[in-house]
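Note sheet for the following structure.
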Amino acid sequence: MTGRVPDSPPQVRAAGPGDGRAIGALATRAWRAAYARVLAPDVLDSMDPIEQAADWRTYLSDLPATDRVWVIGPPVEVWGFARTGPCPDADAPAGAGEVHGLYLEPARIGTGLGRELFAHAAADLEIRHEVVCVWHFAANDGAGRFYERAGFALDGASRPSSFGVVEVRRSRRRAA
């Protein structure tokens, strides 16, 4: 008797080098969707999913011990990813951690997967860091609301990005 295998529920897991291709392709799609009104079209058009995949595979093959990359989706799929590690900002509290990026398949935004993935990444950071930070483009109001709902408040830091737009930092302290 043959039967259909039920769909596996999405879960958060650590990414491996084999996820590089999916993460690279997703990064390109997510950036183009999320930043279409924030970044210049030539910046988004220059993103190459094949180059992104190679870069991610290399990074994941030699992941620094302090960094983590989490993915969400069924066991062999990548519907979203988050990259975390130490916060390099000189003005951040000593030993702060940072969510360096959070991206989700554009069609899956609003499904709760981003909240689940971000909560997992932030909780993992809070095991090792008293303060967790995240940067986002100031003009990306949706990201600002998302991080605010997760308990991250603007902490007064801002900087020009390499893309010519301003970024702002949000942070939150680990719960006692």
>> Test of understanding: ordering 31, 56 by Cβ neighbours within 10 Å, fewest first, what list do you get?
In response: 31, 56
>> How would 116, 148, 105 line up from fewest to most surrounding beta-carbon atoms within 10 angstrom?
In response: 148, 116, 105
>> Give me 152, 163, 118 sorted ascending by neighbouring Cβ count inside 10 Å, so fewest comes first.
In response: 163, 152, 118
>> With 27 Å as the cut-off, how large is the P(r) tail for the chain, expressed as percent of Cα-Cα pairs?
In response: 26
> If you wrap a convex hull around the C-alpha atoms of segment 95-169 and split its volume per residue, what is the figure in Å³?
Replying inline: 99
> With the contact rule set at Cα under 8 Å and sequence spacing of 6 or more, what percent relative contact order holds for segment 11-173?
Replying inline: 20
>> Going by Cα centres, segment 35-100 and segment 123-142 are how many Å apart?
In response: 13
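Taken together, the values in this text are just the output of simple stated rules run on the coordinates, not laboratory data. Predicted, not measured: the structure shown is a model, and the values here were computed from it. Cβ sites come from the backbone with ideal geometry, for glycine too, and all protein chains shown count toward neighbours.
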